[in-house]
Amino acid sequence: MIKKCSYFIGIIGSFAALTLTAFKTYETQSERIAFYEVNYPLPTQVLTEDEHFESKNQKENDFKIELSKGFISFKEALAFRESQGNYRSVNTLGYMGKYQFGKSTLNFLGIKDTKKFLKDPALQEKAFVKLMAYNKYILQRDIRKYAGKRIGGVLVTESGILAAAHLGGAGAVQGFLRSNGEVTFSDAYGTSITEYIKKFASFDVSHIKAQKNPKIVI
């Protein structure tokens, strides 16, 4: 009888351990995507079987569209262009991390310890979101005025403007837009802001909120 009790106690203990492990893994994954949650509303009315099937298919299609053109895809595409998505990357000019931040930009955001920055993916993701919010604040009037127009033969969009600002700074983008494409900018490797405006034109980044003071408290 004692052996049987021990056996059942062992099974219960193993199940509890697995449950705690699964919860811990889920919590870690949730922390990683905390900035990029996608709302997926449920229907509020009772549907027939056919209506439910049609509604479910529509939501799945909408969800796929969000994944293919939303902010997550935008930041990952930009990161791949910058560093092939490598959090530990440091280029020949000293730009660091997955999104290739310079020291001056990190200092502006309130990040002083570059070694910690390179070792902390969550901090890099937060810095990227903050920089996007700040650039949107600086460029919000230009986004309203020029988005949807063609300048220098390139269709201007909000996501293209923000990507170009990440490459050359908000001032360089303003110079390009306000000069009707006559003033342009290329980085030390020859990549132009027009290339970024064109390459990153098809993403929905409208939910990024403009922020005047993007300081990060560590």
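What is the sum of charges around Leu78, taking Lys and Arg as +1, Asp and Glu as -1, for the other residues whose C-beta is under 10 Å from the C-beta of Leu78?
Surrounding charge for Leu78 is +2.
Amide H neighbours of Gly70 under 5 Å, at least 5 residues apart or on other chains, H built in the peptide plane: list them.
Amide H neighbours of Gly70, under 5 Å, 5+ apart: Asp204.
Return an integer: the convex hull volume of the alpha-carbon atoms of the range 81-145, in Å³ per residue.
96
Tell me, what is the per residue accessible area of the range 77-210 in Å², probe radius 1.4 Å?
Value for the range 77-210: 49 Å² per residue.
Could you check the simple spin-label distance between Lys112 and Arg144, using points 7 Å along Cα→Cβ, in nm with one decimal?
Roughly 3.8 nm, to one decimal.
When all protein chains stay in place, what accessible area (Å², nearest 10, 1.4 Å probe) is found for His166?
Number for this one is 30 Å².
Any chance you could list the semi-axes, whole Å, largest first, of the equivalent ellipsoid that the Cα gyration tensor gives for the range 87-218, using √(5λ)?
Three semi-axes, in Å: 26, 16, 12.
Accessible surface of Leu93 in the full protein assembly, 1.4 angstrom probe, to the nearest 10 Å²?
100
How far is it, in nm, from the label point at Lys119 to the one at Lys209 when both lie 7 Å from their Cα along the line to the Cβ?
The answer from the label model is 3.3 nm.
Residue by residue through the range 187-192, which ³J(HN,Hα) values in whole Hz follow from phi under the Karplus form 6.51 cos²θ - 1.76 cosθ + 1.60 (θ = phi - 60°), with glycine and proline marked x?
Each residue's phi maps through the Karplus curve to give 7, 5, 9, x, 7, 9 Hz.
Using a 1.4 Å probe and ignoring any ligands, DNA or RNA, find the accessible area of Leu155 and quote it in Å² to the nearest 10.
About 70 Å², ignoring ligands and nucleic acids.
Give me the percent of accessible area attributable to carbon and sulfur for the range 127-193, probe 1.4 angstrom.
Using a 1.4 Å probe with all protein chains present, the range 127-193 comes out at 49 percent carbon and sulfur.
Ignoring ligands, DNA and RNA, how do Ser206, Ser192 rank by accessible area with a 1.4 Å probe, largest first?
Descending accessible area places them as Ser206, Ser192.
Just for the Cα atoms in the range 143-211, what are the lengths along the principal axes, largest first, rounded to whole Å?
31, 22, 21
The values are calculated or read from the model by the stated rules, or taken from the named source; none is laboratory data. Every value quoted in this text rests on a predicted model; they were computed, and no experiment measured them. We place every Cβ from the backbone using ideal geometry, glycine too, and count neighbours over all the protein chains shown. Accessible surface areas use protein heavy atoms only, side chains included; no ligands, DNA or RNA. Shrake-Rupley method; radii C 1.70, N 1.55, O 1.52, S 1.80 Å.
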